[in-house]
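We did not get these values from a lab; they are worked out from the coordinates using the rules stated. Remember, it's a predicted structure, so these values are computed and weren't measured experimentally. Neighbour counts are summed over all protein chains in view; Cβ atoms, including those assigned to glycine, are modelled from backbone coordinates with ideal geometry.
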Amino acid sequence: MSKSELSPEWVLSNSPQLENNRELTEIARRLWPRVRAHARKQLAKQSSDDSETLAAEVWESVLRSVSKTLGRHHETAPTILNLESYLFGAFLHRFNRALKRERRRHEIIEAVASTRELEQLPGARDWKSGRDLERSIQVKEAVQNMDEWTRKVFAARVYGYSWREIAELYGLTEHKAKLRFSYALRKLAARLGHGR
């Protein structure tokens, strides 16, 4: 968005509800320079376009919200005594929430270690742990794609059940249980693209 688009007219033209409320429209135009100045002051380290964009987004949401509220409660509730102060206060509140979300997002991004830092960890250079991790990911993917019977048999084998015990549980011979399981695994491998 260019700076010309971030005028109060742009915000107001995108909100049909605002065009019908002359008082709100006039106050929005009067407050816009103050809103921009506050955003620039709070975001002094960022470009003026970034601060103005965030200010416009927050300002638009405030104006739409207040306009809807005024429209709903026009006849039943008393009007706001000082609409200008109310709008600016609502803007400050929402703008501070938006800044907190941005800071949290930046903290998360900074907390994620770079590849170079990860390589410095002793376990990162251990090829065995890398292979183990890759294998566990492949096993997890395979288990998620198994049909219910194959998944139950796989779990039983992991927990130490013998083929004879599994066959008895499903009313099969030991040989048929093994064949059915191996056939299901071959079919799964082909579906996952790991076929031989």
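Quick rundown of the values:
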| read-out | value |
| --- | --- |
| nm² value of the averaged projected area, convex hull over the Cα atoms of region 124-191 | 5.4 |
| Full-stretch length increase - Ala37, Ala190 - with 0.36 nm per residue and alpha-carbon distance subtracted | 48.9 nm |
| Segment Glu23-Ala44, length gained on full extension (0.36 nm per residue, minus Cα span) | 4.4 nm |
| Spin-label model distance (nm) - Asp132 vs Asp147, 7 Å beyond Cα toward Cβ | 3.5 |
| Lys100/Val158 FRET efficiency (R0 35 Å; Cβ-Cβ; nearest 0.05) | 0.20 |
| Förster radius 22 Å - calculated FRET efficiency between Leu81 and Glu57 (Cβ-Cβ, nearest 0.05) | 0.20 |
| Point-to-point label distance, Thr69-Tyr170, nm (Cα→Cβ direction, 7 Å offset) | 6.2 |
| Ordering of 90-101, 52-63 by packing [mean C-beta count within 10 Å, highest first] | 52-63, 90-101 |
